[in-house]
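Computed from the coordinates by the stated procedures, all read-outs in this text should not be read as laboratory data. Every value quoted in this text rests on a predicted model; they were computed, and no experiment measured them. With ideal geometry, Cβ positions are generated from the backbone for all residues, glycine too; neighbour counts draw on all protein chains shown.
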């Protein structure tokens, strides 16, 4: 299958979560929505249920969700609820709501009040102190609660062996995505920012086995191509999410390619695999404990600015000339971290820009001006 055909399939899947949901339901499958992020999707897969990522929407307007949400909730959370209320995603059999930030923590109650009569709402509390034995035990216990509620939806027990097999499937998928991220930089003349985003985004909606098989096929085809000698500039991207094609198109128009990313929606959450042997619940808990360099997770050494230095090193190692930070409006963790990140980048002599984004943005005029000016600066610094 050609690169163009594969990319078009990923593009269609990324743009059609509601269509895919209807197809899964029509085929008799049960589907559970998974909000951002670090939820143990392996448990959903092991239950024979289709996991479907819920990361808001770039095409909808917040209307009914306003009745349930505080005005300072980010649009990712509000639009996730909006898609349930307006019928777009209300065929889900359940939804997992992690408590990874101060917006998602109370959102579980918003979902329960608004949609509890239509679907099971599964609350997932991650431990703050995830490294210690008590943190690992708490995490494993919480995953056990999720497991039991998924068993109720599935109508059958989830065996340890099924979880081990699911871990293998997800490790393989994560490895394919990590490989793709590197190949996308080496072949940025083929994998534009828009196409790169679509490949990552499709992973939240497609059946995992089918997605991984197609991505491995794409990686194989990309590996056959000579490495691109890019004449434009390259950047590392960071933030929670940036999947709006209209915004990413501006990068392409200014010959800006993506060398690597620290985006939660893309590479940030696929850095760590789970052990494929032993107690699978403990393996998933340890996988979460090993996640690092994420502003949404507790870091006992945060005063050392480890994350800022990690991002600066990522820019250097990727061959990028600068960094673009997508600052999600009302994302308190990212906003509070910015001074530390800026300090690390400035100390390393790495140019960067901060772009304020929102999933209800429709006018990208200011962003276009900023990206064009930043591209010119990076070009002069080459």
Q: With label points built 7 Å along Cα→Cβ from the Cα atoms of residue 361 and residue 134, find their separation and express it in nm.
A: 4.3
Q.
Give me the three principal axis extents of the stretch 170-313 from the C-alpha atoms, as integers in angstrom, largest value leading.
A. 46, 39, 27
Q: Round to the nearest 10 and give me the degree value, 0 to 90, for the angle of helix 208-223's Cα axis relative to the longest principal axis of the chain.
A: 20
Q: Find the centroid of the Cα atoms in the stretch 290-316 and in the stretch 180-231, then give the distance between the two in whole Å.
A: 26
(Q) Pairs of alpha-carbon atoms within less than 8 angstrom and 6+ residues apart define the contacts here; what relative contact order does the stretch 205-286 have, in percent? (A) 25
Q | Inter-label distance for residue 151 and residue 298, nm, one decimal - labels placed 7 Å from Cα along Cα-to-Cβ | A | 2.9
Q | Residue-averaged [θ]222 nm for the chain, counting only DSSP H segments that reach four residues, each worth -39500 (n - 2.57) | A | -16000 deg cm²/dmol
Q) Using alpha-carbon pairs under 8 Å, 6+ residues apart, how would you state the relative contact order of the stretch 224-382 in percent? A) 29
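Among 352, 229, which comes first, then next, by fewest other beta-carbon atoms within 10 Å? Numbers along the way, then the final one.
Values: 352 19, 229 6.
Final ranking by Cβ density, sparse to dense: 229, 352.
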**Q.** Förster-model FRET efficiency, 51 Å R0, residue 117 and residue 229, C-beta, rounded to 0.05
**A.** 0.30
(Q) Based only on other Cβ atoms within 10 Å, what is the fewest-to-most ordering of 55, 230? (A) 230, 55
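In cubic angstrom, how much convex hull volume per residue do the alpha carbon atoms of the stretch 217-269 span?
104
What FRET efficiency comes out for residue 335 versus residue 105 if R0 is 22 angstrom and r is the Cβ-Cβ distance? Round to the nearest 0.05. Let's see the in-between values first.
Numbers: r = 17 Å, r/R0 = 0.78.
Result of the calculation: an efficiency of 0.80.
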Q | Cα-based helix-to-principal-axis angle, 332-347 vs the chain, degrees rounded to 10 | A | 30
Q: For the stretch 1-73, just the Cα atoms, rotate onto the principal axes and tell me the three extents in Å, largest first.
A: 47, 31, 26
Q) Contour minus end-to-end for residue 125 and residue 282, with contour as 0.36 nm per residue of separation and end-to-end as the Cα-Cα distance? A) 54.9 nm
Q: Assuming R0 = 35 Å, can you tell me the calculated FRET efficiency for the pair residue 220 and residue 15, based on Cβ-Cβ distance, to the nearest 0.05?
A: 0.90
Q: Would you please put 294-306, 76-88 in order of how densely packed they are, using the mean number of other Cβ atoms within 10 angstrom per residue and starting with the highest?
A: 76-88, 294-306
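Could you order peptides 41-47, 157-163 by the average number of other Cβ atoms within 10 Å of their residues, highest first? Present the calculation step by step, with values, prior to reporting the outcome.
Working: 41-47: 26.3, 157-163: 15.6.
In descending order of packing, they fall as 41-47, 157-163.
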Q: For helix 75-85, report the angle its Cα long axis makes with the longest principal axis of the Cα atoms of the chain; keep it between 0 and 90° and round to the nearest 10°.
A: 40
